[in-house]
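Here is the structure we will look at, set down as structure tokens.
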Amino acid sequence: MEGKDNSMATQSSAPPLITETVSADALTKRPRIGESIIQAFLFVCGIISIFTTIGIVVVLAEEAIKFFALPQVTLLEYFTGTKWQPAIGHFGVLPLVLATVLISGIAMVVALPIGLLTAIYLSEYATPRARNILKPILEILAGIPTVVYGYFALQFMTPVLRTIFGVETVQIFNVASAGIVVGILIIPLVTSLSEDALSAVPRSLREGAYALGATRWETARQIVLPAGLSGVTAAFVVAISRAVGETMIVAIAAGSGPRNFTLGQDSLFGFILNPFVAGETMTGHMVRISGGDLSYNSVEYLSIFSIGLLLFAMTLVLNLIARRIVTKYREVYE
Amino acid sequence: MSEQPETYIAPEPKFGYPSGPKLGAQIQARHRRGQVWYVLLGASLIVSILALIALLYTIVNDAFGLVAVEYKNDPGRLVLDQQEKIMLSDPDTVSSEDDNELAAGIANDPYAVGFFGYAYYQNNSDNLTLLAVDGITPDTANVEDGSYPLARPLFLYSDADILQKNQAANVLINYYLTHVNEEISGVGYFPLSAGRISQSQQTWKQANELDLPAGQWASINPEGVGGRLTIAGSSTVYPLTERMLQRLQADGFAGAVTDESVGSSAGYRQFCVDGSSDIAAASRPMNQNEFAACRKIGRQPVEFAVGTDALAIVVSAQNDFLTGVTADELRQIFTTAQKWSDVNPNWPDETIKRYIPGADSGTLDFFVETVFPVALEDLPQEALTAILADNVSLGLGRRIESEQRFAADQLVFFTEAQWAEACDGAEPYAGCTLPPRDKENVLLLLEENVTVPNIVAVWKLVPSLLNRTAIEQEALEKYPAANLQFSSWVNLDFIRSPQSSTPELAGVRTAVLGSLWVVAITALVSFPLGVGAAIYLEEYATDNRLNRLIQTNISNLAGVPSIIYGMLGLAVFVRALEVITSGAAFGAVDVGTTANGRTILSAGFTLALLILPIIIIAGQEALRAVPNSMRQGGMALGATKWQTIWSHVLPNALPGILTGTILSISRALGETAPLVVVGASTFITTDPNGPFSKFTTLPAQIYQWTSRPQPEFQNLAAAAIVVLLVLLLSLNATAILLRNRYARRPS
């Protein structure tokens, strides 16, 4: 480049002849302060994400430790107690976890079959025209804010359930309608991740199966699905993690009080596992408590951080499992 | 050893693979199984599509519908009163409750014009000329079918209790309904259709609890019936009642009847407020305020339509230049024009003399309503201020004006001296320095203090469209004092009004502004950081442990539930960094409010952390898609790494980065949980004015409204959802357009 003083030559205008020696630092590039500053700035940007994670862990752990240090809270009661009523000193987290598990379970029952079947359709059966209709619909479903889904659960799903199962069986706030709508929320996620996994299976496998006379369904079920199984399983686990972390739908539709129970006294299927009764989840509880008046360092304030830590741990473990499945069990064909 | 090779015999297949005809059957069975599964696949697709349709249906169903509104003061009545006041105060207008007086006045003056019931025209038809309106002169045919625009039904109102206890009143109404069509043309009005009369008869039968079949009528012989009876009301109905009374007395009726011609409004006052009359006669139907007043004194009004009047627009017989007017000319003649030539240059240059009924007349109401119908919102600001002045107490008016004036040149509730004294004093009013209120402001004041709408019932869209008559019935029975109107909960007022605790007045302005502020800060913070991190990871990072850790970390962060970010924001930005985020460090805290960290700045930072991983991942993908040849070309020409990135790689990757950013921002716009945790206010009516303001966002507002039990709040939530979805749709559409536009560009 003309004019750029970037060449290997130093003070002399003529390049050194092959017989001349050149000192080492004549060959190193000139330090450019600007580049270094920019690189440092970009590095800081990259590091910020680490600070975020550290921040999350520190913040949650710090307040959770303060919580567990309180005299009225014991770890044993926390993990095995079946009543969550901080006002009178009951700190058993099981009712909240139970509701979370129930809702995630119902959501999975809804989302996994439908999502997987849709993904199989998209990757094996769909014509380009069908794709062009279906993919935007799934994108729209994925882009709708969760608070709108919550409204939908309260205003549509609950009345429908009450019509089907009777107004006596189904309460106004219940776990079933929240669970079903969380499932609907997750369908696009399952579909897109599964479809990515199934599409990654090379065409040669399918073509081989067709060549051997397999029908389209047989190919999909016996060749493609097992080949992409790691990705599909990972998709399922990610979806579960999303369902566990879902907040607004459950806050609006699932009720505003933990389903406290006593083992032995309350019937298992009539109350404890009954999906038609209200039950607040971990996330719903956190949002309700922090949306009201909250004085820092009160028991309620500290308790939501302990639940937050538990939630973070649960979703982290699920996400790590998903990634492990993908890296360890993925079948690479090429 | 044998010379021939052994023939190869294939081993028996372990699965018993069929052959021959069984093979065909097996293939068919497998295909059938495939088809069954295909149907299941189709069903699973349909579930997603149905879910989306159900979602949109629920929202639209709640965002529009019929609404029953009760007003403290009916806005239609307020408009009428205001317009009539203007008309009656005009110096060239003569008004009277006595239509004969009006007729005499018009007859004498060639430049006069006026209107009253058709009967009065007929009685004076020698001295008066009837004008055609839009080419139509009233007669029986065009009055009955409605093509004459100024036709109106005439009514008698009473109460079932009165009819059952007061024989005279009962007989009068019964006689009316039996014989009115025989007399009405003679009086000068127009008969109702037989169907309409039998409707009134049905009402009479119901009021008397007579269980007769629909076609049958029972007429009472008035001979010998006595008692006292007072009818008061419309001057238009008066001649008709007088004629019926003449006949009644000829047929032996012995009751003592007081018949007062005072105007429909005065008649309703006597019937519903004073309780001094037994029957009200009117040329306009009872409005809901009068209805409510009647119910307050224990009367349940029943309506009997008895005939139709055509409003006659008349000029003197001496008038030689008019035979008919258009509706537009009519408007001008009675409002803006001063001389006849103002309306039509062919007409004489003389002042128009107007003869109109008085303020209590239903005829005047009808004329104003029909000839210049105007909604409250369309009146000019001066008229609105006048309505406000007429309907609030002096104390309240002074309080309102002291906060902000109504007009720069005129005081409404204060004298000039009082105002000057207050403004020069120790504590001047806020209104001394603020600019005057605008029309929106005055309309809002009217809503809050004068009309005071109160929603008593709501219906969803689909029932409103399909079951309209059933709903009207229900509304009439349960909420007779309410107006039934079709309302779109999403309207301009909704977007412009701030939040309010009454659902009738609530709007999303505060929430939308809050959302925009928060998202702006989120974008400003997360975009440079995210793109920077993406560039670092893609262009600069070597494959060492730290960078792999960063990469894993980012993927993990993308899967953390959003509420955890809220807790992080609560602990770090709201608590620990309160000095910065509340603005105390910059001296930006509003006087009189407690400084705390629950501000837009905290919310923006929290959401920025939330969407940072998504932007980084999208940025990385965009950068990865830039072909290496670009970078190598730049390097080959001697550019430094950053120069290559800035001038070659980034511009190429920018569309992808932008698309990812816009999608993340639309995600941030829809986030609720972290903002509720960080401290979105549950009730805030002031607009945010900076990053240190308290705030609420649109999703938080929706959550708040959905949590309220009253049904009106569900409708408000649905309307707010519509606004939110429209915002998101436009954002996403921009992203998709960007993506499609730049996808075509060869890189």
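Under the Karplus relation 6.51 cos²θ - 1.76 cosθ + 1.60, θ = phi - 60°, what is the ordered set of whole-Hz ³J(HN,Hα) values for segment A:141-147, x standing for Gly and Pro?
The phi angles translate into 4, 6, x, 6, x, 5, 5 Hz.
What do you get for chymotrypsin sites (Phe, Trp or Tyr not before Pro) in segment B:1-107 restricted to DSSP loop and a cutoff of at most 11 other Cβ within 10 Å of the site's Cβ?
B:Tyr8, B:Phe15
How large is ³J(HN,Hα) for each residue in segment B:515-525, as worked out from phi by the Karplus curve 6.51 cos²θ - 1.76 cosθ + 1.60 (θ = phi - 60°), to whole Hz, x for Gly and Pro?
4, 5, 4, 4, 5, 4, 5, 4, 5, 4, 7
Compute the length gained on full extension between B:Leu654 and B:Asp134: take 0.36 nm times their separation in residues and subtract their Cα-Cα distance, giving the result in nm to one decimal.
So the extension gain works out to 180.7 nm.
Calculate the FRET efficiency for A:Leu263 and A:Ala142 from the Cβ-Cβ distance with a Förster distance of 30 Å, rounded to the nearest 0.05.
0.15
Between B:Arg228 and B:Thr370, how high is the FRET efficiency from 1/(1 + (r/R0)^6) when r is the Cβ-Cβ distance and R₀ = 41 Å? Nearest 0.05.
Calculated transfer efficiency: 0.65.
What's the local net charge at B:Arg354, with K and R +1, D and E -1, over the other residues with C-beta under 9 Å away?
Its environment carries a net charge of -1.
P(r) tail for the protein assembly as shown, what percent of Cα pairs lie past 44 Å?
Everything past 44 Å amounts to 56 percent.
Tell me, what does the Kirkwood hydrodynamic radius of segment B:30-159 come to in angstroms if you use every pair of distinct C-alpha atoms?
Averaging 1/r across every pair of different Cα atoms and inverting gives 21.9 Å.
What does the extension gain come out to for B:Arg30 and B:Ala194, with contour length at 0.36 nm per residue minus their alpha carbon separation?
That works out to 51.6 nm of additional length.
Restricting to Cα pairs below 8 Å that are 6+ residues apart, what does the relative contact order work out to for chain A? Please round to a whole percent.
The normalised contact order for chain A reaches 23 percent.
Just the number, please: carbon plus sulfur as a percent of the accessible area of chain B, 1.4 Å probe, no ligands or DNA/RNA counted.
55
Among B:445-458, B:266-279, B:543-556, how do they line up by average Cβ neighbours within 10 Å per residue, starting with the highest?
B:266-279, B:445-458, B:543-556
Accessible area of B:Ile580, 1.4 Å probe, to the nearest 10 Å²?
That residue has around 80 Å² of solvent-accessible surface.
What spacing in nm lies between the two simple spin-label points modelled at B:Lys296 and A:Phe68, each 7 Å away from Cα in the Cβ direction?
Roughly 6.7 nm, to one decimal.
At 7 Å along Cα-to-Cβ for each site, give me the label-to-label distance between A:Glu300 and B:Trp217 in nm.
7.0
Sum up the charges of everything whose Cβ sits under 11 Å from the Cβ of B:Glu242, counting Lys and Arg as +1 and Asp and Glu as -1, but leave B:Glu242 out.
0
Quick query: amide H of B:Asp159 versus all other amide H atoms, modeled in the peptide plane; which residues come in under 5 Å with a sequence gap of 5 or more or a different chain?
Amide H to amide H, under 5 Å and 5 or more residues apart or across chains, B:Asp159 pairs with B:Val302.
Mind jotting down the distance between the C-alpha centroids of segment A:292-332 and segment B:171-245, whole Å?
Answer, in whole Å: 80.
May I ask you to derive the FRET efficiency for B:Glu101 and B:Thr686 from their Cβ-Cβ distance with R0 = 56 Å, giving the value to the nearest 0.05?
Calculated value: 0.45.
Probe of 1.4 angstrom, ligands and nucleic acids ignored: what's the accessible area per residue over the protein assembly as shown, in square angstrom?
Heavy-atom SASA per residue in the protein assembly as shown reads 46 Å².
From Cα pairs below 8 angstrom and at least 6 apart in sequence, can you work out the relative contact order of segment B:582-739, rounded to a whole percent?
27
Which of the GluC sites (Glu not before Pro) across segment B:281-381 are loop residues per DSSP, with 15 or fewer other Cβ within 10 Å?
Answer in residue order: B:Glu350.
Enter the Cα centre distance for the pair segment B:612-655 and segment A:48-66, rounded to the nearest angstrom.
33
Work out the mean other chain Cβ neighbour count within 10 Å for the residues of A:286-294 and drop it here as an integer.
That works out to 5 on average.
Run down the lysines and flag those whose C-alpha is under 24 Å from the C-alpha of B:Lys641, throwing out any fewer than 8 positions away in its chain.
A:Lys4, A:Lys29
Exposed loop trypsin sites (Lys or Arg not before Pro) only (DSSP loop, at most 12 other Cβ atoms within 10 Å): please give the longest stretch of chain A free of them, not including the sites.
Excluding the exposed sites themselves, the longest stretch runs over A:30-334.
Can you give me the distance in nm between label points at B:Tyr8 and A:Gln222, each placed 7 Å from the Cα along the Cα-to-Cβ direction?
2.3
Once amide H atoms are placed 1.01 Å from N in the peptide plane, what residues at a sequence separation of 5 or more from B:Thr308, or on another chain, have their amide H within under 5 Å of its amide H?
B:Leu154, B:Phe190, B:Leu192
Hey, can you grab everything whose amide H is under 5 Å from the amide H of A:Gln85? Only 5+ residues off in sequence or another chain; H modelled, so Pro and N-termini drop out.
A:His90, A:Phe91, A:Gly92
Per residue of segment B:625-638, in order, report the coupling 6.51 cos²θ - 1.76 cosθ + 1.60 (Karplus, θ = phi - 60°) as ³J(HN,Hα) in whole Hz, putting x for Gly and Pro.
6, 6, x, 4, 4, 4, 5, 5, x, x, 4, 4, 7, x
Could you list, in their original order, any pairs among B:Lys85/B:Lys339; B:Lys72/B:Lys478; B:Lys72/B:Lys460 whose Cα atoms are separated by more than 28 Å?
The pairs that break the limit, which is 28 Å between Cα atoms, do not exist here.
Counting protein heavy atoms only and a 1.4 angstrom probe, how many square angstrom of accessible surface do chains A and B bury in total, to the nearest 100?
In total, chains A and B hide about 6800 Å² from solvent.
Identify the trypsin sites (Lys or Arg not before Pro) of segment B:370-463 meeting these criteria: DSSP loop state and at most 16 other C-beta atoms within 10 Å of the C-beta.
none
So how far, in whole Å, is the C-alpha centre of segment B:130-153 from the one of segment B:321-342?
Here the two parts' Cα centres lie 18 Å apart.
Taking a ≥ b ≥ c as the square roots of the eigenvalues of the Cα gyration tensor of chain A, is the shape rounded (a/c under 1.5), prolate (a/b larger than b/c) or oblate?
oblate
Taking a cut-off of 19 Å, what percent of all Cα-Cα pairs in segment B:468-518 are separated by more than that?
Cα-Cα pairs in segment B:468-518 separated by more than 19 Å: 47 percent.
Per 0.36 nm of contour for each residue apart, how much would the distance between B:Phe713 and B:Asn467 grow if the chain were fully extended, relative to their Cα-Cα spacing?
Contour length minus Cα-Cα distance gives 86.3 nm.
Helix A:299-329: angle to the longest alpha-carbon principal axis of chain A, degrees 0 to 90, nearest 10?
60
Taking Cα atoms, how many degrees apart are the long axis of helix B:394-403 and the longest axis of chain B, rounded to 10 and kept between 0 and 90?
Approximately 30 degrees, to the nearest ten.
Helix B:194-207: angle to the longest alpha-carbon principal axis of chain B, degrees 0 to 90, nearest 10?
Relative to chain B, helix B:194-207 is tipped by roughly 90 degrees.
Could you work out the local net charge near B:Ala132, counting Lys and Arg as +1, Asp and Glu as -1, over the other residues with Cβ closer than 13 Å to its Cβ?
With Lys, Arg at +1 and Asp, Glu at -1, the net is -3.
How long, wide and thick is chain B, going by the Cα atoms along their three principal axes, in whole angstroms, largest first?
141, 98, 55
The values are calculated or read from the model by the stated rules, or taken from the named source; none is laboratory data. It should be emphasised that the depicted structure is a prediction, and the values quoted were computed from it without experimental measurement. Cβ sites come from the backbone with ideal geometry, for glycine too, and all protein chains shown count toward neighbours. We work out accessible area using only protein heavy atoms, side chains counted, and drop any ligands, DNA or RNA first. Shrake-Rupley method; radii C 1.70, N 1.55, O 1.52, S 1.80 Å.
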